[in-house]
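Every read-out reported here was derived from the displayed coordinates using simple, explicitly stated rules and does not represent laboratory data. It should be emphasised that the depicted structure is a prediction, and the values quoted were computed from it without experimental measurement. For neighbour counting, all protein chains shown are included, and Cβ atoms are generated from backbone atoms with ideal geometry for every residue, glycine included.
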Ligand SMILES: C[S@@+](CC[C@H](N)C(=O)[O-])C[C@H]1O[C@@H](n2cnc3c(N)ncnc32)[C@H](O)[C@@H]1O
């Protein structure tokens, strides 16, 4: 499988001190066979080798065919895709250590995606298309352990809350004699798309599945503290037992709902030529276009400036000469000289008629703008998506934004606010961060499918109000995610 490249977000290296603490915590014994399933630049490989493990006892692979600086320390195969390899190899290991790639399964190369979806630990621990590569790596690794073997994985905070990970989260202690979870408040990686805390999961003593055992857990404040705890022979003292393995951070006890069951998302109107169809107020006046020839519109992420997009808010954008008019002449307006002239200008080259979206329209100038949406959101911005409720009749959006409609058309105001608020809860934000696709300049893109698949907690809608929603959105707009999340988290049932 050489030639398949993985996104840069998947190749963040484990800091050497963390790698060393992880393998120390896992422990070595004479003759133990080690596996590193995604060697990368060899951070964990060097740590294993430093324990005194001989080259012949370390097996490593990586999909990246480029030789790494430490490959000589083990038997390293490059250009090998782990999930397919795991299904066919007869090798078994005493120790597996990994910092697997974090990437949504639906974004994987089709061959890897298919290997991921064929991976399963058990009939009820399967990999689903809404899952993530790290989860597939973890399940596959468990199948490769010898009896009594142990593994240590560096995981995203999603281990604690992701719905797709729930089957293993609930049952992992059934496959091992002891499971330890170490969670840092701060992220271990300084990568753009890893902003939550991280988790080091150690599972010791692989055994046939039996009744769930217990899982112990330690919360640590920083990466330094994590390193100290993991590397300390007294690490057991920092761990506390979870009553059972079903709850990770307690979040699973909350009622949750797939966002896609609550809202529908549509792209805003596709104009085919924004320079022709989108107008500022001064341009509209200059052209003498009547009000009946234009529709108020939001056309940029920066237009989402408020929790409730009222007429007054939109007028502020209009008065600052943002492009907030969409050229949508009615039959009546088309009789006016100004509209006739603008259409004629469009036909003569003012509008890009060769654009596919325009050339395939029945009438090149007739746009089908969604006019009855409930809210707007931006799928591409430096912050995470949130709902700006539409309070101005006829206001629509172009396709740089998404329009949102509540699935249940009979929702009262409080329930609508609660849905908006649920998207700001910390668990929703964590999922959104993981699902976002990183673009240049810190931009994060969410396709509608990325948004609809997140699980949002059910909020106590009786106590939410426009006032608190406004407060939360004001915090978001100032870049203060923490405050916004803590406001929203207060309403989780
Ligand atoms: C997060 S990096 C970790 C690298 C290294 N193990 C460390 O801890 O520093 C993940 C590595 O997984 C590799 N990788 C991604 N998908 C893979 C796959 N399906 N099979 C094998 N390796 C993969 C990437 O090339 C990258 O080197």
Cα gyration tensor, the stretch 335-493 - rounded (a/c under 1.5), prolate or oblate: prolate
If we count other beta carbons within 10 Å of each Cβ, what is the order of 449, 139, fewest first? 449, 139
Does anyone have the angle between helix 133-143 and the longest principal axis of the chain? Alpha-carbon axes, 0 to 90°, nearest 10? 20 degrees
Looking at the chain only, what percent of DSSP beta bridges run antiparallel? Nearest 5 please. 65 percent
Length added when fully stretched, residue 366-residue 486, from 0.36 nm per residue minus Cα-Cα: 38.7 nm
Want the number for residue 77 to residue 124: 0.36 nm per residue separation, take away the alpha-carbon distance, what's left? 13.8 nm
Relative contact order (%) - the chain, alpha-carbon pairs under 8 angstrom, separation at least six: 12 percent
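Over every pair of different alpha-carbon atoms in the stretch 76-134, take the mean of 1/r and invert it; report that Kirkwood radius in Å.
Averaging 1/r across every pair of different Cα atoms and inverting gives 12.5 Å.
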Got a sec? How would 59, 305 order by Cβ neighbour count within 10 Å, fewest to most? 305, 59
State the Kirkwood hydrodynamic radius of the stretch 1-151 in Å, one decimal place, computed from all pairs of distinct Cα atoms. 15.4 Å
Theoretical ellipticity at 222 nm over the chain - DSSP helices of four or more residues, -39500 (n - 2.57) apiece, nearest 500: -8000 deg cm²/dmol
With the cut-off at 1.5 for a/c, could you classify the stretch 81-222 from its C-alpha gyration tensor as rounded, prolate or oblate? oblate
Binning at 10 angstrom from zero up to the longest distance, how are the C-alpha pair distances of the chain distributed in percent? 4, 18, 25, 20, 15, 10, 6, 2, 0, 0
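Give me the extension gain from residue 408 to residue 258: residue separation times 0.36 nm, minus the current Cα-Cα distance, reported in nm with one decimal.
52.6 nm
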Quick one: if you stick a label point 7 Å off each Cα along the C-beta vector at residue 438 and residue 240, how many nm between them? 3.4 nm
Cα centroid separation, the stretch 370-406 to the stretch 29-83 (Å): 48 Å
When 135, 175, 276 are ranked with the fewest other C-beta atoms within 10 Å first, the list becomes 276, 175, 135
Check: C-alpha center the stretch 446-468 vs C-alpha center the stretch 96-114, spacing in Å is 28 Å
